[in-house]
Each structure stands twice: as structure tokens, then as C-alpha cells.
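Since the structure comes first, as C-alpha cells, the remarks are kept for the end.
The values are calculated or read from the model by the stated rules, or taken from the named source; none is laboratory data. All values reported here derive from a predicted model rather than from experimental measurement. In this analysis, Cβ positions are derived from the backbone assuming ideal geometry, glycine residues included, and neighbour counts consider all displayed protein chains. SASA here: full protein model, heavy atoms, side chains in, ligands and nucleic acids out. Shrake-Rupley method; radii C 1.70, N 1.55, O 1.52, S 1.80 Å.
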Amino acid sequence: MSRDPLVGITTSITVGQTPERAYINSAYLHAVQQAGGVPVLLPPQLSKTSLDRLVRGLDGLLLTGGGDVDPATFGEAPHPTLYEVAPSRDALETQVTLIALEKKTPLLAICRGIQVLNVALGGSLHQDVTSEPGTEIQHSQKEARDQATHKVTITPRSRLGRVLGAEDLEVNSFHHQVVKTLGRGLVPVAWAPDKLVEGVELDDDSRFVLGVQWHPEHLVGNSEPARRLFSALVTAARA
């Protein structure tokens with residue numbers, strides 16, 4: 001009988017607070033465990049030696065949401081709305097992403113995670129969707145996290161579309177950075193009504209590398225597509 005796969009999950013880090021803490025919303029842990037995976041937390045405080053040791057044993061990787069990606073990582077000056085920038089988190093997540101891609105480890109990137117994945121592959125981000133490029137869609141909703149507030153349209157024959165089992169989906173939204181220039185090998189496969197990219201995947205159907213701009217971990221209680229996304233990650237990790 002196959003063992004339950006180990007899924008590395010990145011964490012947030014407090015910025016400008018004492019004592020410094022690593023933390024994570026428990027919804028990620030519940031979603032991975034519900035799908036049959038075993039969460040392994042990857043905080044920004046890990047040394048290179050510790051990270052290398054942990055990553056060798058991982059079967060899958062989940063890049064989580066959180067504060068903004070430092071625009072210095074894609075060669076831009078900071079926008080005034082930038083918040084909770086944590087260089088140590090950027091560095092760890094970039095490193096673990098590149099290791100996972102090299103090892104062909106199944107990878108799911110959520111919200112900030114899709115941005116980290118994109119930047120790690122040489123892409124760039126719009127730093128504030130309200131002013132750049134500008135939109136009337138509410139991408140930082142005031143409603144509860146388990147409430148869907150806008151639609152995304154998904155390419156039917158994409159891996160993401162097959163995994164979700166849907167071409168149109170209502171999703172939640174808590175971000176103000178978003179993909180601008182695509183990273184190497186990434187293909188856009190989901191869009192909001194304002195044409196902003198909401199989903200990407202690697203241009204290699206034999207690899208499980210998916211990124212979504214919404215937060216499916218908060219929707220698993222009432223959304224079959226959200227559950228399918230985590231199940232697909234764990235299934236790919238088990239294989």
C-alpha cells in the first residue's frame with residue numbers, strides 16, 4: 001500500500017514585529033490533509049541545509065498566499081501600496097520553487113504563490129491591480145473568505161480545466177499583485193472578466209505545475225472544483 005505523500009507548504013513570516021514568527025492559515029493544512037496528503041511546513045527561517053534536507057523528502061509542493069513579492073526580484077521600484085514584503089520569504093520560496101521544478105515535483109501555487117512561481121521563472125507582476133493596469137473588478141473582496149465574488153474563465157483543454165472539471169468558475173479574491181509578463185514556460189489558462197490572468201500552468205502536460213490567483217483552500221467546504229484541485233495535487237504527489 002502506498003504511503004500518504006509529503007506535501008511541503010510554505011508559510012508567512014511576521015514583518016516588523018518582535019518576536020519574529022512563522023505562521024500559516026490552517027485552511028491550507030486542512031485542505032491538503034482532506035485530500036490525503038501530509039503537510040510539511042517550510043518557514044522562511046529555514047537554513048539552506050535544513051531546506052535541502054526537507055526538500056529531498058517532499059512528494060509535492062504548495063506555495064501559499066500572503067504579503068507582496070518584492071518588486072526588486074523582477075527589477076522594478078516599489079509601488080506605494082506595497083505591503084508585508086519579506087525578502088527572506090521571497091528567497092526561500094524562489095529557491096524551493098526552482099528545486100521543485102528541477103526535480104519535477106508536483107507543484108500547486110496559490111495567490112501569492114502564482115506570483116512567486118511566475119517571478120522565479122523570469123516573469124513580472126502588476127503591483128497594484130486597481131491602478132496598474134486598472135480594473136473595476138474587486139480583487140480584494142470584503143466578503144468572507146469562503147464566499148465567491150467574481151467569475152474566472154478557464155481554457156477547456158488545459159490541465160487546470162481538466163482538474164477543475166469546469167470552464168467557468170466563481171472564485172474568491174484577496175490580492176492586489178497579479179501576473180504581468182509571463183515567466184519561462186508558463187501558459188495563461190484562466191482569466192477574470194477584466195482579462196487579468198487568474199491561472200497558469202507549465203507548457204508541458206506531463207508535469208503537474210499549476211497556479212491559481214484565488215484561494216481554493218477556503219472554498220473546499222462548498223466547491224467541488226476546489227476539492228478536485230487539492231486532490232489532483234496529492235494524487236500527482238503520490239504518483
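Scanning the stretch 37-71 for residues that are open to solvent by 20 Å² or more (accessible area, probe 1.4 Å), in contact with a Ser or Thr (Cβ under 8 Å, 6 or more places away or on another chain) and among the small types (Gly, Ala, Ser) yields a count of 1. Sort out which residues of the stretch 122-160 are within 16 Å of Pro71 (Cβ to Cβ), buried (at least 16 other Cβ atoms within 10 Å of the Cβ) and not hydroxyl-bearing (Ser, Thr, Tyr), and write them in order of number. Once the filter is applied, which keeps residues that are within 16 Å of Pro71 (Cβ to Cβ), buried (at least 16 other Cβ atoms within 10 Å of the Cβ) and not hydroxyl-bearing (Ser, Thr, Tyr), the stretch 122-160 yields Gly123, Leu125, His126, Gln127, Asp128, Val129, Glu132.
Of all residues in the stretch 116-145, those that are touching a residue at least 12 places away in the same chain (Cβ under 8 Å) and more than 19 Å from Pro87 (Cβ to Cβ) have Cβ atoms under 8 Å from Cβ atoms of residues that are of a type in the set (Val, Ile, Thr) and part of a strand (DSSP E or B), 6 or more apart or on another chain, in His126/Val178; His126/Val179; Val129/Val178; His139/Val178. If you go through the stretch 149-165 and keep only what is part of a loop (DSSP other than H, G, I, E, B) and either β-branched (Val, Ile, Thr) or modelled with pLDDT under 95 (or both), you end up with Thr149, Thr155, Pro156, Arg157.
For the residues Thr49, Thr64, the requirement of being touching a helix residue (DSSP H, G or I) at 6+ places or on another chain (Cβ under 8 Å) and hydroxyl-bearing (Ser, Thr, Tyr) singles out Thr64. Would you confirm whether any residue within the stretch 50-67 is under 19 Å from Gly183 (Cβ atoms), at pLDDT 95 or above and touching a Phe, Trp or Tyr at 6+ places or on another chain (Cβ under 6 Å)? Yes, because at least one residue in the stretch 50-67 is under 19 Å from Gly183 (Cβ atoms), at pLDDT 95 or above and touching a Phe, Trp or Tyr at 6+ places or on another chain (Cβ under 6 Å).
Of the residues making up the stretch 180-195, those that are open to solvent by 20 Å² or more (accessible area, probe 1.4 Å), in contact with a strand residue (DSSP E or B) (Cβ under 7 Å, 6 or more places away or on another chain) and assigned to a loop (DSSP other than H, G, I, E, B) number 4.
Looking at Ala166, is it under 23 Å from Ala27 (Cβ atoms), free of Cβ contacts under 8 Å to residues at least 60 places away in the same chain and either under 17 Å from the mean Cα position of the chain (by Cα) or buried (at least 16 other Cβ atoms within 10 Å of the Cβ) (or both)?
Here the answer is yes, as Ala166 does meet what is asked.
Residue selection: Leu101 satisfies the criterion of being within 17 Å of the chain's Cα centre (by Cα) and crowded, with 17+ Cβ neighbours inside 10 Å. Just so you know, in the stretch 196-229 the residues that are of a type in the set (D, E, K, R) and in a loop (DSSP other than H, G, I, E, B) include one that is surrounded by the most Cβ atoms within 10 Å (Cβ to Cβ), and it is Arg207. Among residues of the stretch 221-237 that are more than 20 Å from Ser26 (Cβ to Cβ), those with a beta-carbon under 7 Å from a residue that is assigned to a helix (DSSP H, G or I) and at pLDDT 95 or above at least six positions away or on a different chain give the pairs Pro225/Leu164; Arg228/Val163; Arg228/Leu164; Ala232/Val163.
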